[in-house]
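To keep things clear, I will list the structure first and then write my remarks on it.
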Amino acid sequence: DRPHQNSTFNMPAVLLAMRAPILAILGISFAAHSLVYQSLLQFIPLFTQTTSGFSIVWATGIGALFCLFNCAGNILSGHLLQAGFRPHLIPKYGGLIVGGLLLLLCIFGTEKWVVIVVLLLTGLASGGTPPVLFYIVSQQKTKLENMPVFVAWMFQIQGLGMLTGPALIGLIVDHSENWNYGFLSLIPFCFLISFAARFLRQNASPAPGH
């Protein structure tokens with residue numbers, strides 16, 4: 001027989017999640033990350049065709065490689081956490097690196113091979129943040145049954161970045177008719193990720209054994 005499971009909605013856990021400052025910081029960091037990542041992912045094919053002169057095959061291929069390098073960044077971040085790297089430093093430096101790469105993209109947006117390298121490095125660097133955020137959530141001292149609610153609350157905040165990012169960049173590029181303004185508008189969100197990392201320092205310790 002299956003053990004009896006309580007199907008009652010865990011409202012106390014929801015209220016606990018909403019009152020936890022660390023979850024708000026994690027959610028805001030995740031939202032800023034998703035705003036940048038989703039905006040780039042959706043507009044890479046269009047940008048690389050209209051500005052860099054790539055064919056549609058190359059443009060979509062670059063988008064696919066961007067995703068693969070982002071996945072590699074996820075894996076690298078996980079290995080760094082296992083190796084005892086201080087968790088908050090990954091989004092701190094990752095945000096700064098992505099912001100710098102976006103600036104390079106604005107400067108060298110017409111240079112095909114520079115665009116490819118910059119976008120792939122951006123995918124790699126941006127992949128470091130999500131594993132850290134999930135790791136910090138897992139370290140919160142709470143009942144086990146509250147953990148899914150904590151993760152879900154972080155995702156709810158994160159969704160704001162996914163919803164607003166592409167629309168914001170599309171609006172800026174449409175009005176300015178310049179991709180540089182769109183990419184420049186993403187840089188403050190990269191710095192927000194880096195700035196928020198300072199508040200994660202006391203809530204994230206290296207992996208056990210380090």
* Assigned charges on the beta-carbon of Lys, Arg, Asp, Glu; the range 36-180 dipole about Cα centre (debye) -> 500
* Structure fact -> Counting only protein heavy atoms with a 1.4 Å probe and every protein chain in place, the carbon and sulfur fraction of the accessible surface of the range 1-102 in whole percent equals 68
* Of the heavy-atom accessible surface of the range 109-149 (probe 1.4 angstrom), what whole percent is carbon and sulfur? -> 68
* Asked: Which of the DSSP-defined H helices in the chain satisfy a minimum axial length of 20 Å, computed from C-alpha atoms, and a minimum mean Kyte-Doolittle hydropathy of 1.0?
  -> 21-50, 56-82, 89-107, 112-126, 147-176
* Report the one residue of Ile62, Phe134, Leu192 whose Cα lies farthest in the direction of the positive end of the charge dipole of the chain (charges on C-beta: Lys and Arg +1, Asp and Glu -1; origin at the Cα centre). => Phe134
* Structure fact -> Rounded to the nearest 500, the 222 nm mean residue ellipticity computed for the chain from DSSP H runs (n ≥ 4, each -39500 (n - 2.57)) alone is -25000 deg cm²/dmol
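Would you kindly state the longest site-free stretch of the chain, with sites defined as trypsin sites (Lys or Arg not before Pro) in a DSSP loop (not H, G, I, E, B) surrounded by at most 14 other Cβ atoms within 10 Å?
With trypsin sites (Lys or Arg not before Pro) excluded where exposed in loops, the chain gives 1-140 as its longest stretch.
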* For Arg201, what charge total do you get from the other residues with a beta carbon under 15 Å from its beta carbon, if Lys and Arg give +1 and Asp and Glu give -1? -> +3
* Asked: Given the Cα-Cα distance of Leu46 and His175 and 0.36 nm per residue of separation, how much length would full extension add, in nm?
  -> 44.8 nm
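Per residue, how large is the accessible surface of the chain? Use a 1.4 angstrom probe and give square angstrom.
Value returned for the chain: 54 Å² of accessible area per residue.
The values are calculated or read from the model by the stated rules, or taken from the named source; none is laboratory data. Here the structure is a predicted model, which means the values were calculated and not measured. Note that each Cβ is placed from the backbone with ideal geometry, even for glycine, and that neighbours are counted across all protein chains shown. Heads up: the accessible areas ignore ligands, DNA and RNA and are worked out on the full protein's heavy atoms, side chains in. Shrake-Rupley method; radii C 1.70, N 1.55, O 1.52, S 1.80 Å.
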